[in-house]
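Quick notes on the structure that follows.
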Amino acid sequence: MAREIKVKRVCEEPPNRVFKPEKPCSKYTTLNIEQFEAMRLCDLEGLDQDEAAKRMNISRGTLQRVLYAARKQVAEALVSGNGITIDGGNYEIARECCKAKKQCKACRFLNNTKGDDKNE
């Protein structure tokens, strides 16, 4: 019996979903939203895979597979001159701050976290 696919937590959907090369292209590579989020957390925010996995509510192994697949797809698109689209996946948008020690640079919950740790 197959395992149930776990929904991955993402902070928000990407503001831009299509990236085109300078020269006209006929082929596009599609990243799903969780691949985009894994790259954002690890490569842009500089989080290690353990912390990124906790924020996405998945195991470190799953995050690693998602991240490596995303990096490979982006590299292939850049080398081949293909466009990149971001769409689809099995994810949910975060409803509250992840309460991590280090917040994302683009965290949409920055203004809502005042006083969260008063009782700790």
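The values are calculated or read from the model by the stated rules, or taken from the named source; none is laboratory data. All figures in this text were calculated on a predicted structure; none of them were measured in a lab. Heads up, the Cβs are rebuilt from the backbone with ideal geometry, glycines too, and the neighbour counts pull from every protein chain shown. Ligands, DNA and RNA are stripped out before the accessible areas are found, and what is left, the full protein with its side chains, is counted by its heavy atoms. Shrake-Rupley method; radii C 1.70, N 1.55, O 1.52, S 1.80 Å.
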When you scan segment 36-53, do you find a residue that is open to solvent by 20 Å² or more (accessible area, probe 1.4 Å) and either at pLDDT below 90 or in a strand (DSSP E or B) (or both), even just one? no
Identify the single condition in (1) over 11 Å from the mean Cα position of the chain (by Cα); (2) of a type in the set (Phe, Trp, Tyr); (3) closer than 25 Å to GLU96 by Cα that PHE36 does not satisfy, given that it satisfies every other one. (1)
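Restricting attention to segment 1-13, does a residue exist that is of a type outside the set (Asp, Glu), surrounded by 14 or more Cβ atoms within 10 Å (Cβ to Cβ) and in a helix (DSSP H, G or I)?
Taking segment 1-13 first, the residues of a type outside the set (Asp, Glu) are 1-3, 5-11.
Within this subset, residues satisfying the condition of being surrounded by 14 or more Cβ atoms within 10 Å (Cβ to Cβ) are 7-11.
Still in the list and also in a helix (DSSP H, G or I): none.
Taking every residue of segment 1-13 in turn, none turns out to be of a type outside the set (Asp, Glu), surrounded by 14 or more Cβ atoms within 10 Å (Cβ to Cβ) and in a helix (DSSP H, G or I).
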Restricting attention to segment 14-33, does a residue exist that is part of a helix (DSSP H, G or I) and modelled with pLDDT of 95 or more? yes
